[in-house]
2 protein chains.
Amino acid sequence: MVEIRKPIPVQEAIEHVWNHRHQGCTEYISINDCDNRSLGENIVASHAVPPFNKSPYDGFAFSSEDTLHAGLNNPVEFDVVEHIGAGQVPTIRLEQGQATRIMTGAKIPEGADCVAMFEVCKTYEKNNMACMSIKRTMKAGQNIIEEGSEVSEGEKLIKRGTLINPGVKALLATFGYSEVKVAKKPVVGVIATGTELLDVNEPLQPGKIRNSNAYMIESQILRAGAEYKYFGKLADEFEPSYQTIKQALEEVDILITTGGVSVGDFDLMPAIYEKLGASILFNKVAMRPGSVTTVASNGNKLLFGLSGNPSACYVGFELFVRPIIHHSLFSKTPYLKRINATLADDFPKPNPFTRFVRNYITYENGKISARLAGVDKSNVVTSLAHTTGLMMLPGGTRGFKSGDEVEVLLLNSSEGQLEF
Amino acid sequence: MVEIRKPIPVQEAIEHVWNHRHQGCTEYISINDCDNRSLGENIVASHAVPPFNKSPYDGFAFSSEDTLHAGLNNPVEFDVVEHIGAGQVPTIRLEQGQATRIMTGAKIPEGADCVAMFEVCKTYEKNNMACMSIKRTMKAGQNIIEEGSEVSEGEKLIKRGTLINPGVKALLATFGYSEVKVAKKPVVGVIATGTELLDVNEPLQPGKIRNSNAYMIESQILRAGAEYKYFGKLADEFEPSYQTIKQALEEVDILITTGGVSVGDFDLMPAIYEKLGASILFNKVAMRPGSVTTVASNGNKLLFGLSGNPSACYVGFELFVRPIIHHSLFSKTPYLKRINATLADDFPKPNPFTRFVRNYITYENGKISARLAGVDKSNVVTSLAHTTGLMMLPGGTRGFKSGDEVEVLLLNSSEGQLEF
C-alpha cells in the first residue's frame, strides 16, 4: 500500500492527539507507596494547624498580666506547678503567680497567654518548691503559636494532579491520609516491529541489532508516570502482527509500536491500521527526527506508531505520548516545560522542518545554556544517555551559532506547562 | 546531661560527615528493573556500532565505479539481483552492473560501496527482470554508515555512578546487558522520637500531632536513591530507646533519628550516643534551620540526629545525608547542584547564621529566578510541598531584596556537583 503522506506542522499534530485524550481514573494506595504518584483529589486540611496553641520554645508559660510590674530591679516570681514535654498534655489551670515549664511544641496550659524562653528566666528552689523569676514584662500572645495560625480547618492545600514529593507526603501524614487517592497509572503497551531485532539476551547476528527501543520506551513510560506492558516484537508478517496488536489493544490504555511506519517495502503498520478500522490522525509530521510518526485513534484508545530510529522514537514519545499520559494523571501542565536558553555550541545544519536536537542544560552565572548532546556522528549512541533537553529549532531557519537564543523542552523537570 | 554546644560552620560540618563516608557495594539486577538505579561499573561497547556497514536510506546498493560515466544524458543501468529488508542478510556478492534493493538499516552487500536513494533512481522491468537506472555519479562510501563509525568495540561509553535514564537503558540493551551491575541501595533506617507523635492512622488527640517527619524523610530517602527502613517511634524513656537504636544499627547502613536532639529536658539522644560509644562529629551547626543537627559515627556507621522541626529535618537530610547516600551509589557529583539565581521576592530577615530558605525556581527569558516557597507563617505547612530548591544565604548578611543574586541548591536536579 503506497499512500501519499502530507506532513502537518508539529503544533497541529500535537493538537490532534490532544483532542483524543481521555480522562484518568483514581485508586487508593497506602501512604507508604505514594511517592511520585499523582494526587487524585485536592488535599484539604482535616484540622487546623497547629491544632492547639503551642510553644515555639523551651521555656515557661504563664499569664502575661502577672509581669505587669516586672522590671530589671523587680523580678516577678512564679511557682512552677507543672512540667510538660511535647505531646504531654497540661492538666493544671494556671492561677496568678503560677507557671508551667513547657517544651517546644507542647500545648499551652489554660490560664497562660505567653511563653518566656529559659534564657530570660531564673530557676531555683524555695521551700522545696520549683520556682522561676523573670525581670521583664510580657505581652499577651507573646511566643505563642496560635491554633490555626498556619492552616485553618477545611483549607485547600494541594491540588489534584500534583506529584507527591517529600513535602506533599509530609502534608498527607499531617492530615492523617493513611490511604491516598491517586491517579491510576495508565497502562501503555509496547510492540516492536522489525525482523532485524534481537532480544537483549541474544548474541549478535549478521545484519541484526538488539532491540534497544523497547527498553528506552519502557524507561520513558516509567519516567512519565505510567505502567509499561511489553507485547514482544512482531515478525514482518501481516496476520500474526494484526492479531497481536488487536489483542494488545484490549489490555492497554495506550498502545505504542516502534518501527514499521516508514514507506519501506516491509512496513506493515498502515495496513494493520486499516484492518483495525482505526482512524489515522496523521502519518507525517513536518519535523526532524520523527517525520514518519503516525497516530491513530481506535475506539477510545490511541495508537502511537513511532519511528524505529532511536532518536525519532525518543522525541515522538516525549512530544505526543507524554502529554496524554500526564493528562490522565490529572496534570494541569501535561506538556514538557519549555524555557529559553543560550546555545553554547554551533549547530550549522539548516532546518527545513522543525528540528528537535538532543541537548543538555548547564547553568552559568544565573543564565541557562544549552549544549548539544550529540553533534558528531560518533556520539549518536551515547547522546540520548546525556540528553536532558530537546532544543526546538523552528523550520525554515539556517544553522544556529553559539550565543544564539534557543527554546529548550526540559525532559527531567517535575514542572510542565499547560500548552505545547 | 546539659552540655556546652559549640556551633561549627556548615562547610566544616559537611566535611566532617564526608570524612566518614563508606564505599558502596554492587549487585546484578535485570535490565527491566534498572530505571533510576546507579551504574555499578563503566559501560563498555561489547561490539562496534553499527556492527556492519549499513544503509541510512531505502534505496539501491551497488559499486560506485559502475557510475563513473553516468550523467544526465547517460543513465547507467543495473540489474536488481536481490531485495533485502532490515535484518535480512544479503546473500549475493554484487558484480559489475548489479544492484541490491535495500531498506534503511540493512547490511550493505559485498561488492557494493554506496547507496542511492529511491528518489534518484528509476525502476522498471526489462525482460521480466527488475532493473534500475541512475543518471549521476556516486562516490565510494556515499550513503553508507560504516561499521564502527559510531562506536568502536571496547570503547568506554558511560561511567560508573551514572543514573540509568531512558538513553542509558537503550545503550544497555544495545550492548546486551540483560543483567545490569548497579550500586546496591544503602539501607537507611529511620526512628522518630517524641511522645507527642501520633501514627498517621490515629485520630488527633489533645497536645499531639501526627508524625509527618518519618514520611517526609522516607520520601527524601527514596528520592536520594536509597532504601528506607522504619523502626517506629521511641517513647521518651532511656532504656527501650537505647535498645531500639542499638538493634536498628545492626540492620542498616545509615541511621536517622528525628527529634530528641535539642536541649529540651526530655531529649534523650545525647545520652544514647554516649552509651553506644558513638563519637559525636558535631552537635551544633551555625545554620538556620537545623542548628541542633547532630551527627555521630558508630563503628562504620553514621548516625544522623536531625531536628524534629520539619524544615530543619528536611534541610538536614539534604545537606548531610544525601551526599553520603550518593557517594555509596558511586556518584562523582554527590552534592546538590548549586546555581546562581535572581531572587524574585524580598527576604527582609537578617541572617546571623547561614540560612537555607525554601524556594522554587522559575525560568524567565533565559534567566533563573528564585521565589520563596514560604515567606509567611501561613505557608509553613505547604511550603515544603512547593519547594524545589534551597536558597543559601550567607551568615552575617542583612535581608535580601528582589533582584539580588542568590545561590540555590537544586533538589530535583539529576545533576549534582563534586563538592558542596
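The values are calculated or read from the model by the stated rules, or taken from the named source; none is laboratory data. Only a predicted model underlies this, so the values are computations on that prediction, with no experimental measurement involved. Don't worry about glycine lacking a Cβ; one is built from the backbone with ideal geometry, like all the others, and counts go over all protein chains shown. Heads up: the accessible areas ignore ligands, DNA and RNA and are worked out on the full protein's heavy atoms, side chains in. Shrake-Rupley method; radii C 1.70, N 1.55, O 1.52, S 1.80 Å.
So if each residue of separation counts as 0.36 nm, and I subtract the Cα-Cα distance between B:SER279 and B:HIS83, what length gain in nm does that give?
Net length gain for the segment: 63.1 nm.
Counting only Cβ charges, +1 for Lys and Arg and -1 for Asp and Glu, the dipole size of the stretch B:59-134 around its Cα centre is about 200 debye. Sorted from shortest to longest, the distances between the A:GLN11 label points of this copy and the other copies are 5.0 nm, with each point 7 Å from Cα along the line through the beta carbon. Comparing the full protein assembly with the isolated chain, the residues of the stretch A:190-211 losing at least 50 square angstrom of accessible surface (1.4 Å probe) are A:VAL200, A:LEU204, A:GLY207, A:ARG210. Put a dot 7 Å past the Cα of A:ASN73, heading toward its Cβ, do the same for B:HIS22, and the two dots end up 6.4 nm apart.
Comparing A:MET269, A:MET138, A:MET287 in a Gaussian network model of chain A, where Cα atoms under 10 Å apart are tied by springs, the biggest mean-square fluctuation is seen for A:MET138.
Let me spell out the model: positive unit charges on the Cβ of Lys and Arg, negative unit charges on the Cβ of Asp and Glu, origin at the Cα centre of the protein assembly as shown. What dipole size does that give, in debye rounded to 20? Could the numbers behind the result be given before it?
On the way: 84 positive and 96 negative charges, 257 e Å.
Roughly 1240 debye, rounded to the nearest 20.
The share of accessible area on the stretch B:59-134 that comes from carbon and sulfur is 47 percent, using a 1.4 angstrom probe. Solvent-accessible surface, computed for protein heavy atoms with a probe of 1.4 Å, shrinks by 20 Å² or more for the following residues of the stretch A:10-37 when the other protein chains are added to the isolated chain: A:ILE31, A:ASN32, A:ASP35.
For chain A, what does the equivalent ellipsoid look like in terms of its semi-axes, each the square root of 5 times an eigenvalue of the Cα gyration tensor, given largest first in whole Å?
On the way: eigenvalues 819, 124, 62 Å².
They are 64, 25, 18 Å, listed from largest to smallest.
Listed by chain and number, the lysines whose C-alpha is less than 16 Å from the C-alpha of A:LYS107, apart from same-chain residues fewer than 8 away, are A:LYS54, B:LYS208.
In whole Å, what is the distance between the alpha-carbon centres of the stretch B:50-70 and the stretch A:129-163? Between the Cα centres of the stretch B:50-70 and the stretch A:129-163 lies a distance of 78 Å. Over the C-alpha trace of the protein assembly as shown, radius of gyration and Dmax come out as 32.5, 125 angstrom. For the stretch B:209-245, the residues whose amide N sits under 15 Å from a probe point set 7 Å from the Cα of B:THR195 along the beta carbon direction are B:209, B:234-241.
Taking the 0 to 90 degree range and rounding to the nearest ten, how far is the long axis of helix B:238-251 tilted relative to the main principal axis of chain B, both from C-alpha atoms? Helix B:238-251 sits at roughly 20 degrees to that axis.
Quick check: at a probe of 1.4 Å, how many percent of the accessible area of the stretch B:194-287 sits on carbon and sulfur atoms?
Values: 1830 of 3690 Å².
Carbon and sulfur atoms account for 50 percent of the accessible area of the stretch B:194-287.
Dividing the summed -39500 (n - 2.57) terms of all DSSP H runs of n ≥ 4 by the residue count of chain A sets its mean residue ellipticity at 222 nm at -5000 deg cm²/dmol. For the residues B:GLY308, B:GLY194, B:GLY290, a GNM of chain B with alpha-carbon springs under 10 Å puts the largest fluctuation on B:GLY194. Bridgeable lysines around A:LYS184 (alpha carbons under 21 Å apart, same-chain partners fewer than 8 residues away excluded): A:LYS159, A:LYS169, A:LYS229, A:LYS301, A:LYS332.
Hydrodynamic radius of the stretch B:318-363 by the Kirkwood approach over all distinct alpha-carbon pairs: 13.3 Å. Relative to one another, the C-alpha centroids of the stretch B:400-417 and the stretch B:281-314 are positioned 22 Å apart.
Considering only B:THR100, B:VAL180, B:CYS25, the residue lying farthest towards the positive end of the dipole of chain B is B:CYS25, judged by Cα position with unit charges set on Cβ. Surface analysis of the protein assembly as shown yields an accessible area of 43 Å² per residue, using protein heavy atoms and a 1.4 Å probe. How many percent of the accessible area of the stretch B:336-417 is carbon or sulfur, using a 1.4 Å probe? So the carbon and sulfur contribution to the accessible surface is 46 percent. Using a cutoff of 8 angstrom between alpha carbon atoms and counting only pairs six or more residues apart, the relative contact order for chain B works out to 16 percent. Within the shell of other residues whose beta carbon sits under 15 angstrom from the beta carbon of A:ASP253, the net charge comes to +2, with Lys and Arg scored +1 and Asp and Glu -1. Between B:ARG5 and B:CYS131, the modelled label-to-label distance comes to 9.3 nm, taking each label 7 Å out from Cα in the direction of the beta carbon. Pairing chain B with chain A buries about 6600 Å² of accessible area. This figure sums both sides and uses a 1.4 Å probe.
Here B:GLU12 sits with roughly 80 square angstrom of accessible surface, probe radius 1.4 Å.
Amide H contacts of A:CYS114 (H built 1.01 Å from N, in plane; Pro and chain starts excluded): A:PHE62, A:SER64, A:GLY141 sit under 5 Å, all sequence-distant by 5 or more or on other chains.
Which one, B:GLN243, A:THR123, B:HIS47, is farthest towards the positive end of the dipole of the protein assembly as shown when Lys and Arg carry +1 and Asp and Glu -1 on their Cβ? Among B:GLN243, A:THR123, B:HIS47, the one farthest towards the positive end of the dipole of the protein assembly as shown is A:THR123. Taking every protein chain into account, the 1.4 Å probe leaves B:ASP345 with about 40 Å² of accessible area, to the nearest ten.
At a 1.4 Å probe, which residues in the stretch A:392-420 are at least 20 Å² less accessible with all protein chains present than in their chain isolated? Relative to the lone chain, where solvent access is computed with a 1.4 Å probe, the stretch A:392-420 loses at least 20 Å² at A:ASN412, A:SER414, A:GLU415.
Label positions at B:GLU415 and B:LYS159, each projected 7 Å from the Cα along the C-beta direction, are separated by 1.4 nm.
Its Cα gyration tensor gives the stretch A:317-396 an equivalent ellipsoid; the semi-axes, largest first and in whole Å, are 24, 16, 14. Between copies, the label points of B:GLN142, set 7 Å from Cα on the Cα→Cβ line, lie 9.2 nm apart, reported in increasing order to one decimal in nanometres.
Measure nothing but the geometry: give the 0 to 90° angle between the long axis through the Cα atoms of A:213-223 and the longest principal axis through the Cα atoms of chain A, rounded to 10°. The angle comes out near 20 degrees.
Starting from a label point 7 Å past Cα on the Cβ side, list the distances from A:ILE280 to the same position in the other copies, nm, shortest first. Result for A:ILE280, in nm, nearest copy first: 7.4. The distance separating the Cα centre of the stretch B:222-238 from that of the stretch A:11-49 comes to 28 Å.
Under a model in which nothing but the beta-carbon of Lys, Arg (+1) and Asp, Glu (-1) is charged, the stretch A:336-417 shows a dipole of about 200 debye around its Cα centre.
For B:LYS122 and A:GLU405, what does the FRET efficiency come to when R0 = 51 Å and r is the distance between their Cβ atoms, rounded to the nearest 0.05? Display every interim value, and only then the final one.
Working: r = 45 Å, r/R0 = 0.89.
Approximately 0.65, to the nearest 0.05.
The listed residues A:TYR360, A:TYR28, A:TYR228, A:TYR242, once ranked by accessible area (1.4 Å probe) with the largest placed first, stand as A:TYR28, A:TYR360, A:TYR228, A:TYR242.
Quick one: compute a quarter of the convex hull surface over the Cα atoms of the stretch A:59-134 and quote it in nm². List each step's numbers first, then the result.
Details: hull surface 19.1 nm².
Computing the convex hull of the Cα atoms and averaging its projections yields 4.8 nm².
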